[in-house]
Amino acid sequence: MNKKTWIAAAITTFIISSPLFSMPEMVIGEAEMAPGIDLIFEGGIKDEIAPQNLYLAENETDVHLELLANWSDKAPRGAPIGGHVAYLDVEAMIRNEKTGAYDSVNLTPHLNISDNIHYAQNIKLPGAVSDKYTVRFVIKSPKLGVIGIHYDWRNELADVISSGGTFTFTNLDFKEIANSKRR
């Protein structure tokens, strides 16, 4: 992660985790992915997501699992630095380290004021909120036909947005986030 992005992430994390700010987010981890994509993985406080019939209800949710994917200053020309990287296919697998129980969800585009466009999903943890968890995020380019890729991108870079990646974080404690409320 470049210095400007790191400073912005640190300031955001400080503000979000400040006691004056009522909605903390748990930064699970940060990574980079080619071509010039900064990734921030977070566990957020459960929330009501609309349309309500398509998302897990707030009262059935433990954690709002998130991925912020933004173009860095290492991105290909034309990419808006700090802008959301759209159309990625994101799956998260959550495993309870104590029991071995697991679940997986697709993170879909969400929109809010604090993060703007991001990938997320309300989830129910596969076990007690006090247990430790491993979360593996698998990021892929969109399926064929979801986005048209022009000749210049294909000629200079690849036939995909990104070759993607797998990012695994262990020994995660979601208890504080799971027990927090937005309202």
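The values are calculated or read from the model by the stated rules, or taken from the named source; none is laboratory data. Predicted, not measured: the structure shown is a model, and the values here were computed from it. Neighbour counts are summed over all protein chains in view; Cβ atoms, including those assigned to glycine, are modelled from backbone coordinates with ideal geometry. Ligands, DNA and RNA are excluded from the accessible area calculation, which covers all protein heavy atoms including side chains. Shrake-Rupley method; radii C 1.70, N 1.55, O 1.52, S 1.80 Å.
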> Under the condition of being surrounded by fewer than 19 Cβ atoms within 10 Å (Cβ to Cβ), in contact (Cβ under 8 Å) with a residue 12 or more places away in the chain and in contact with a helix residue (DSSP H, G or I) (Cβ under 7 Å, 6 or more places away or on another chain), which residue from the range 28-72 is farthest from Val160 (Cα to Cα)?
Replying inline: Asp47
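Take the conditions touching a residue at least 40 places away in the same chain (Cβ under 8 Å) and farther than 18 Å from Ala178 by Cα and apply them to Tyr119. Does it pass?
yes
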>> Being modelled with pLDDT of 95 or more and more than 29 Å from Pro24 (Cβ to Cβ) narrows it down to one residue among Tyr102, Tyr151, Tyr133, Tyr119; which is it?
In response: Tyr151
> In the set Ile139, Ile147, Ile117, which member is within 22 Å of Ala57 (Cα to Cα) and of a type in the set (A, V, I, L, M)?
Replying inline: Ile117
> In the range 163-180, how many residues are free of Cβ contacts under 8 Å to residues at least 60 places away in the same chain and not in a loop (DSSP other than H, G, I, E, B)?
Replying inline: 4
> Going through the range 141-157 one residue at a time, which ones are more than 16 Å from the chain's Cα centre (by Cα), small (Gly, Ala, Ser) and within 18 Å of His84 (Cα to Cα)?
Replying inline: Gly148
> Going through the range 100-120 one residue at a time, which ones are assigned to a strand (DSSP E or B), among the small types (Gly, Ala, Ser) and touching a Ser or Thr at 6+ places or on another chain (Cβ under 9 Å)?
Replying inline: Ala120
>> Restricting to the range 50-99, name every residue that is among the small types (Gly, Ala, Ser) and either under 16 Å from Ile117 (Cβ atoms) or not in a strand (DSSP E or B) (or both).
In response: Ala50, Ala57, Ala69, Ser72, Ala75, Gly78, Ala79, Gly82, Gly83, Ala86
> So which of Val160, Val138 is part of a strand (DSSP E or B), within 23 Å of His84 (Cα to Cα) and either of a type in the set (Lys, Arg) or open to solvent by less than 80 Å² (accessible area, probe 1.4 Å) (or both)?
Replying inline: Val138
> Hey, Pro109 hits all of (1) open to solvent by 20 Å² or more (accessible area, probe 1.4 Å); (2) over 14 Å from the mean Cα position of the chain (by Cα); (3) at pLDDT 95 or above but one; which does it fall short on?
Replying inline: (2)
>> With the requirement that a residue be more than 16 Å from the chain's Cα centre (by Cα), open to solvent by 80 Å² or more (accessible area, probe 1.4 Å) and either farther than 27 Å from Thr170 by Cβ or among the charged types (D, E, K, R) (or both), what does the range 81-106 give you?
In response: Ile81, Arg95, Lys98
